[in-house]
1. I'm told residue 71 meets every condition in (1) closer than 23 Å to residue 144 by Cα; (2) basic (Lys, Arg); (3) touching a His at 6+ places or on another chain (Cβ under 9 Å) except one. Can you identify the failing condition by its number?
2. Among (1) of a type outside the set (D, E, K, R); (2) within 24 Å of residue 210 (Cβ to Cβ); (3) outside any helix (DSSP H, G or I); (4) modelled with pLDDT under 70, which single condition is residue 331 missing?
3. For the subset of the range 228-286 comprising residues that are of a type in the set (Gly, Ala, Ser) and within 19 Å of residue 175 (Cβ to Cβ), which member is surrounded by the fewest Cβ atoms within 10 Å (Cβ to Cβ)?
4. Considering only the range 62-107, give the strands (runs of 3 or more DSSP E) lying wholly within it that have at least 3 residues that are within 17 Å of residue 50 (Cβ to Cβ).
5. From the list 174, 188, 181, 124, which one is in a helix (DSSP H, G or I), touching a strand residue (DSSP E or B) at 6+ places or on another chain (Cβ under 7 Å) and closer than 30 Å to residue 251 by Cβ?
6. Every residue in the range 217-267 that is in contact with a Ser or Thr (Cβ under 7 Å, 6 or more places away or on another chain) and either within 16 Å of residue 194 (Cα to Cα) or not in a loop (DSSP other than H, G, I, E, B) (or both), please.
7. Among 15, 46, which is the only one that is touching a residue at least 60 places away in the same chain (Cβ under 8 Å) and part of a strand (DSSP E or B)?
8. Residues to consider are 306, 312, 298, 257; find the one that is closer than 30 Å to residue 161 by Cα and either at pLDDT 90 or above or not polar (S, T, N, Q) (or both).
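The values are calculated or read from the model by the stated rules, or taken from the named source; none is laboratory data. All values derive from a computational prediction rather than experimental measurement. Ideal geometry is used to build each Cβ from the backbone, glycine not excepted, and the neighbour counts take in all protein chains shown.
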Amino acid sequence: MKLKSLLLHNFRSYLHEKITFHPRINVICGKNAQGKTSLLEAIYLLSTGRSFRTNNLSEIISYGEDFFYIKATIEKNDSLEEIKLYYSEKEKKLWINSKCYFSFSHLLGLLPSSLCAPQDRSIISGTPQERRRFFNLHLAQSDPLYVHHLKRFYKSLKQRNFLLKHPQNGSFEIWEEQMAISGKYLNIKRKEMLKEMKEDLQYFISNLSDEKEKMHVRYIPSFSSNMNNQDTYIKLLQNMREKEKRLGFTTIGPHRDDFLCLINKKCARTYASEGQKRTAIMALKLAEWKRLCHLINDTALILIDDFSLHLDKERKSLMQNSLQRLGQIFFTTPDPKDEWKKIKDAVIFEVKNRSITSLATAL
């Protein structure tokens, strides 16, 4: 799977720009605040239907304009497909080839990608919510049914939480049953995901650390009982009602689960150095990419924002040696050093004054 071209109109600093990409490695360089990250943001939006920089898509619209528009051509299974996005504060539209949708959620799974950005440090050092967000989005790209059950669970959770504050306004049973059905599915898929990523995670962190480190991610449910049993979960919810009425919210379920990252059998959040944490995040993202490739039976995209921030000099060199074996890659860097010009199958773009220029190509 390849992203062949991208047209941006009123997107951040890009008033109207069209880019044709290299099928392998795309190095995007330029000084700060020129629009390097915005280019990755547009690709990520095509991949997931959301931005990794803001929850408010209105912030993406160019200053003084009232909408943005994206058009992309992708190569998939030896054929070309066209994706178009339109967004304003009044409406949003998505066209996949000639079919029109009014939700960007239909993008999930169409152009799968793995993004590594500076803020990803929160996956290890941040809150459980940030770790859940990462793994939920990964699963959403590979499993439409996961998206269905995630939405269904949170809709039921919202209703149950309302009843906990206003118990006279309805019955708990219907919402707890739906939470149990969807919660079971989420739990099973999260466990399957970690099992499937385990071998690749070990492979990538070993390569990036020169075989000095091992990594493991452990799923930590919010309660110890068997979540795969719907009846057990329903009974727990029933037993917790009186206590949770005083709290006003539901305390057990997939929305409270966590993922523990271990490096060399120690909690990475507490004991890992900054270099180890950055390496672990990169290994996790590459393992995510490998799983996506396996599930779609094709190559997913890799997006790396500010490559120089993620790894030290030694680990960066190890990563560069691995680039040739990966799929189509897009990464930003402040300065295209000579070593990038030596990479086979790559093109270097410069972002400057709201425009993108191809500097050099090595073939």
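1. (1)
2. (4)
3. Within the range 228-286, the first condition is being of a type in the set (Gly, Ala, Ser), and the residues that meet it are 248, 253, 268, 272-273, 275, 280, 283.
Subset that is within 19 Å of residue 175 (Cβ to Cβ): 248, 253.
Working: 248: 11, 253: 25.
Per the stated criteria, the residue is 248.
4. Values: elements: 67-76, 79-88, 92-96, 99-101.
Of the strands (runs of 3 or more DSSP E) lying wholly inside the range 62-107, those with at least 3 residues that are within 17 Å of residue 50 (Cβ to Cβ) span 67-76, 79-88, 92-96.
5. Numbers: 174 fails: touching a strand residue (DSSP E or B) at 6+ places or on another chain (Cβ under 7 Å); 188 fails: touching a strand residue (DSSP E or B) at 6+ places or on another chain (Cβ under 7 Å); 181 fails: touching a strand residue (DSSP E or B) at 6+ places or on another chain (Cβ under 7 Å).
Exactly one residue qualifies, and that residue is 124.
6. Within the range 217-267, 232, 236, 240, 244, 256, 257 qualify.
7. Working: 46 fails: part of a strand (DSSP E or B).
Criteria check complete, one pass: 15.
8. Numbers: 306 fails: closer than 30 Å to residue 161 by Cα; 312 fails: closer than 30 Å to residue 161 by Cα; 298 fails: closer than 30 Å to residue 161 by Cα.
When all the criteria are applied, what remains is 257.
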